[in-house]
Amino acid sequence: MKAIGLLSGGLDSTLAVRLIQEMGVEVIAVKFTSPFCQCDSGGCCHAAEVARQMGLELKTIAKGDDYLDVVRHPRHGYGVAMNPCIDCRIFMFKRAKAYMDEVGASFLITGEVLNQRPMSQHRRAMEVIESEAGVTGKIVRPLSAQHFEPSEAEQNGWIDRAKLLDFHGRGRRPQLNLAEAYGLTGFACPAGGCLLTDKNFASKLRDLFGHRERVSMRDIGLLKIGRHFREGACKIICARDEAECNALRSRAGEGEWLFEASDCMGPVVLLQGEAGDAMLKLAAQVAAAYSDGASPEVRVKAASGASERELRVARIPRDELQLARV
């Protein structure tokens with residue numbers, strides 16, 4: 001018997017996979033990566049390490065451009081910010097079902113716990129997700145199975161329902177106790193990993209969707225960098241540290257301008273959008289305002305591809321810049 005285990009690298013999914021693995025089922029772990037997951041970019045999500053500990057094959061599936069359409073137009077709406085949790089689960093379960101069919105697996109394993117997440121893990125939401133993803137009866141939730149009707153895997157005797165658990169709610173002590181009993185370590189942070197639940201990031205994303213008909217993964221990556229300012233159809237991104245300066249230099253696109261103070265230390269500033277002289281000056285003023293030094297005038301180098309210019313701009317106090325902070 002073969003199953004697909006959705007393994008985020010977190011505590012719940014790790015325990016769920018381990019419980020089914022102990023019943024003699026061959027588990028192939030699937031990890032979905034997302035441009036909005038802080039765990040994936042911050043290094044605290046250790047699905048590969050967890051899979052290694054348990055001797056599992058790990059398949060990584062990226063949430064690509066088609067996922068951005070889900071985020072932009074979620075059929076079931078958003079949570080606290082711009083998190084389309086129900087639509088996100090449907091998206092993942094559909095992809096997991098396709099991979100399940102590809103490798104000849106018979107069911108899916110998730111670490112879901114009834115009533116742990118307010119939007120996507122209450123009973124009605126779980127039923128909707130199963131139905132719309134086309135996986136009704138094919139999902140096993142080992143940590144919370146006793147609160148649901150038996151899945152196909154349980155009905156057919158592929159796994160022992162009596163060994164499945166009855167966890168529910170937001171408390172995590174039962175999971176931590178079980179992890180200690182198994183000697184499992186290295187799982188990811190328990191919550192707060194999705195940038196779509198962050199209202200500040202959501203504000204930037206909403207602004208991007210409002211001004212761009214087509215959005216790329218590069219655009220999403222830039223939302224994670226620096227301070228963002230909006231002036232009509234143009235946007236200015238000002239780096240906050242050396243790492244962000246390097247990131248903006250490497251990610252500047254065709255037709256975009258980079259600004260940097262010439263005569264003092266300061267941030268790299270990226271200007272997006274069709275910009276005339278007034279906008280170039282404004283972006284240079286941002287570079288000057290966030291640069292070091294006390295001189296009233298700052299020389300700023302501006303470059304776009306093979307084009308270069310030098311602008312001399314007054315050092316304006318940051319709160320007087322005629323820009324809207326996103």
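The values are calculated or read from the model by the stated rules, or taken from the named source; none is laboratory data. All values reported here derive from a predicted model rather than from experimental measurement. Positions of Cβ are backbone-derived with ideal geometry, glycine not excepted, and every protein chain shown enters the neighbour counts. Surface areas here come from the heavy atoms of the whole protein model, side chains and all, with no ligands, DNA or RNA. Shrake-Rupley method; radii C 1.70, N 1.55, O 1.52, S 1.80 Å.
Every listed requirement among (1) open to solvent by 50 Å² or more (accessible area, probe 1.4 Å); (2) touching a helix residue (DSSP H, G or I) at 6+ places or on another chain (Cβ under 8 Å) is met by ARG52 save one, (2). The number of residues in region 219-243 that are closer than 24 Å to TYR67 by Cα and part of a helix (DSSP H, G or I) comes to 5. Of everything in region 1-23 that is part of a strand (DSSP E or B) and closer than 12 Å to ALA51 by Cα, the residue that is least open to solvent (accessible area, probe 1.4 Å) is GLY5. Among the residues of region 94-116, are any assigned to a helix (DSSP H, G or I), in contact with a helix residue (DSSP H, G or I) (Cβ under 8 Å, 6 or more places away or on another chain) and either in contact (Cβ under 8 Å) with a residue 60 or more places away in the chain or of a type outside the set (Lys, Arg) (or both)? No; the residues of region 94-116 include none that is assigned to a helix (DSSP H, G or I), in contact with a helix residue (DSSP H, G or I) (Cβ under 8 Å, 6 or more places away or on another chain) and either in contact (Cβ under 8 Å) with a residue 60 or more places away in the chain or of a type outside the set (Lys, Arg) (or both). In the set (1) open to solvent by 20 Å² or more (accessible area, probe 1.4 Å); (2) touching a helix residue (DSSP H, G or I) at 6+ places or on another chain (Cβ under 9 Å); (3) closer than 27 Å to ASP198 by Cα, the condition left unmet by ILE237 is number (1). Does ALA133 satisfy the condition of being open to solvent by less than 50 Å² (accessible area, probe 1.4 Å), under 16 Å from LEU6 (Cα atoms) and more than 21 Å from the chain's Cα centre (by Cα)? No. Contact annotation: no residue pair with Cβ atoms under 7 Å, 6 or more positions apart or on different chains, pairs a residue in region 233-248 that is within 15 Å of ALA283 (Cα to Cα) with a partner that is part of a strand (DSSP E or B) and of a type in the set (Gly, Ala, Ser). For region 231-255, the set of residues classified as at pLDDT 95 or above, closer than 24 Å to ASP319 by Cβ and not hydrophobic (A, V, I, L, M, F, W, C) consists of LYS235, ARG240, ASP241, GLU244, listed by residue number. For the condition farther than 27 Å from ALA48 by Cα, touching a helix residue (DSSP H, G or I) at 6+ places or on another chain (Cβ under 7 Å) and not in a loop (DSSP other than H, G, I, E, B), GLU127 does not qualify. Being surrounded by fewer than 20 Cβ atoms within 10 Å (Cβ to Cβ) and among the hydrophobic types (A, V, I, L, M, F, W, C) is a property that holds for ALA98.
When region 202-231 is filtered for residues that are without any contact (Cβ under 8 Å) to a residue 12 or more places away in the chain and open to solvent by 50 Å² or more (accessible area, probe 1.4 Å), the ones remaining, listed by number, are GLY210, ARG212, GLU213, ARG214.
In region 136-158, of all residues being touching a strand residue (DSSP E or B) at 6+ places or on another chain (Cβ under 7 Å) and assigned to a loop (DSSP other than H, G, I, E, B), the one that is most open to solvent (accessible area, probe 1.4 Å) corresponds to LYS138. Here ALA302 meets the list (1) within 21 Å of ALA324 (Cα to Cα); (2) at pLDDT 95 or above; (3) crowded, with 19+ Cβ neighbours inside 10 Å; (4) small (Gly, Ala, Ser) almost entirely, failing just condition (1). Of all the residues in region 307-326, those that are free of Cβ contacts under 8 Å to residues at least 12 places away in the same chain and more than 23 Å from ASP263 (Cβ to Cβ) number 1. What residue, of SER262, SER304, is within 26 Å of ARG212 (Cβ to Cβ) and touching a residue at least 40 places away in the same chain (Cβ under 8 Å)? Just one listed residue meets the conditions, SER304.
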